[in-house]
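Engineer: Questions regarding the structure given below will be posed in turn.
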Amino acid sequence: EDKVVQSPLSLVVHEGDTVTLNCSYEVTNFRSLLWYKQEKKAPTFLFMLTSSGIEKKSGRLSSILDKKELFSILNITATQTGDSAIYLCETSGSRLTFGEGTQLTVNP
Amino acid sequence: EAGVTQFPSHSVIEKGQTVTLRCDPISGHDNLYWYRRVMGKEIKFLLHFVKESKQDESGMPNNRFLAERTGGTYSTLKVQPAELEDSGVYFCASSLGTPLYEQYFGPGTRLTVT
């Protein structure tokens, strides 16, 4: 059975801090890994990663995939209170599998 | 362009009753997915349509759940009869293609079975 594990489950930081969120996976027929941000309602897409070692970047957020060690990280630099959300990792393999998410709280 | 919409936003029903959830994907998106988050746990995949065909329904929990997508446009997910453990948030998502296309999620339907 495909498995996606995110860590930490919960993180509280102050504005300006840098955070690193982790997503490890055991997936059959891996094709891609996606990161989402979920605030009040539906998850919104952040990144899709298919190749190892190629960093995807969008503003203060960046993400990279390691297909050898089977994990991905999502970095957020200079965090802001608006970054507070649940960050979800999803893999596309034999089936679509989500991790439990990391609840990030950024305090002023 | 309208995003993925779901109806209703919240439904409260009694155990044993029937509920039908609806999802309207983004126009032109052939791929439609149903997921659910139960009791604060991770989001679980239920099934995947490509147009009107069920591409993968391996995540459907049991035969009380029936999903349809007649005509390849909107989709419905019927739960009959509903049980307490079916309570949760049901998300729908759509994408242009698969697997290397991002999914756009709807706002979810919160189902409460009492």
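The values are calculated or read from the model by the stated rules, or taken from the named source; none is laboratory data. Just so you know, these numbers come straight off a predicted model, no measurement behind them. All Cβ positions, glycine included, derive from the backbone under ideal geometry; neighbour counts span all protein chains shown. Please note that ligands, DNA and RNA were not included when accessible areas were found on the heavy atoms of the full protein model with its side chains. Shrake-Rupley method; radii C 1.70, N 1.55, O 1.52, S 1.80 Å.
Engineer: Would you tally the residues in the stretch B:75-97 being within 27 Å of A:L33 (Cα to Cα) and buried (at least 17 other Cβ atoms within 10 Å of the Cβ)?
Structural biologist: Of the residues in that region, 10 qualify.
Engineer: Let me ask something additional. Considering B:G3, B:G97, which residue is in contact with a strand residue (DSSP E or B) (Cβ under 9 Å, 6 or more places away or on another chain) and either at the interface with chain A (Cβ under 9 Å from one of its Cβ atoms) or not small (G, A, S) (or both)?
Structural biologist: It is B:G3.
Engineer: Taking the residues in the stretch B:53-70 that are open to solvent by 40 Å² or more (accessible area, probe 1.4 Å), among the charged types (D, E, K, R) and within 14 Å of chain A (Cβ to nearest Cβ) as candidates, determine which candidate is nearest to B:G16 (Cα to Cα).
Structural biologist: By that ranking, first place goes to B:E57.
Engineer: Out of B:E57, B:E68, I need the residue that is without any contact (Cβ under 8 Å) to a residue 12 or more places away in the chain and more than 23 Å from A:V4 (Cβ to Cβ). Which one?
Structural biologist: B:E68
Engineer: I would also like to ask the following. Among the listed residues B:D30, B:D86, which satisfies the condition of being touching a strand residue (DSSP E or B) at 6+ places or on another chain (Cβ under 8 Å) and within 28 Å of A:Q103 (Cβ to Cβ)?
Structural biologist: B:D86
Engineer: Search the stretch A:17-33 for residues that are open to solvent by 50 Å² or more (accessible area, probe 1.4 Å) and pair each with any residue that is among the polar types (S, T, N, Q) and assigned to a loop (DSSP other than H, G, I, E, B) when their beta-carbon atoms are under 8 Å apart and the residues are at least 6 apart or on different chains.
Structural biologist: A:D17/A:T79; A:T18/A:T77; A:T18/A:T79; A:T28/A:S94; A:N29/A:S94; A:R31/A:T50
Residue-by-condition table, conditions (1) open to solvent by 50 Å² or more (accessible area, probe 1.4 Å); (2) in contact (Cβ under 8 Å) with a residue 40 or more places away in the chain; (3) touching a Phe, Trp or Tyr at 6+ places or on another chain (Cβ under 6 Å):
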{"position": "A:L65", "(1), (2), (3)": "no, no, no"}
{"position": "A:L74", "(1), (2), (3)": "no, yes, yes"}
{"position": "A:G82", "(1), (2), (3)": "no, no, no"}
{"position": "A:A85", "(1), (2), (3)": "no, yes, no"}
{"position": "A:T97", "(1), (2), (3)": "no, yes, no"}
{"position": "A:Q103", "(1), (2), (3)": "yes, yes, no"}
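Engineer: Taking the stretch B:32-43 on its own, how many of its residues are open to solvent by 10 Å² or more (accessible area, probe 1.4 Å) and either free of Cβ contacts under 8 Å to residues at least 12 places away in the same chain or within 7 Å of another protein chain (Cβ to nearest Cβ) (or both)?
Structural biologist: 3
Engineer: Just wondering, is there one or more residues in the stretch A:51-59 that are under 21 Å from B:E42 (Cα atoms) and either among the polar types (S, T, N, Q) or under 15 Å from the mean Cα position of the chain (by Cα) (or both)?
Structural biologist: For the stretch A:51-59, residues under 21 Å from B:E42 (Cα atoms) and either among the polar types (S, T, N, Q) or under 15 Å from the mean Cα position of the chain (by Cα) (or both): absent.
Engineer: So is B:L100 at pLDDT 90 or above and either open to solvent by 80 Å² or more (accessible area, probe 1.4 Å) or closer than 16 Å to B:T20 by Cβ (or both) or not?
Structural biologist: Answer is no for this residue.
Engineer: Right, next: Condition test on B:Q6, is it in contact with a Phe, Trp or Tyr (Cβ under 8 Å, 6 or more places away or on another chain) and without any contact (Cβ under 8 Å) to a residue 60 or more places away in the chain?
Structural biologist: no
Engineer: Next up: Which one is most open to solvent (accessible area, probe 1.4 Å) among residues in the stretch A:34-63 that are in contact (Cβ under 8 Å) with a residue 24 or more places away in the chain and not aromatic (F, W, Y)?
Structural biologist: Step by step, filter the stretch A:34-63, then rank; the result is A:E39.
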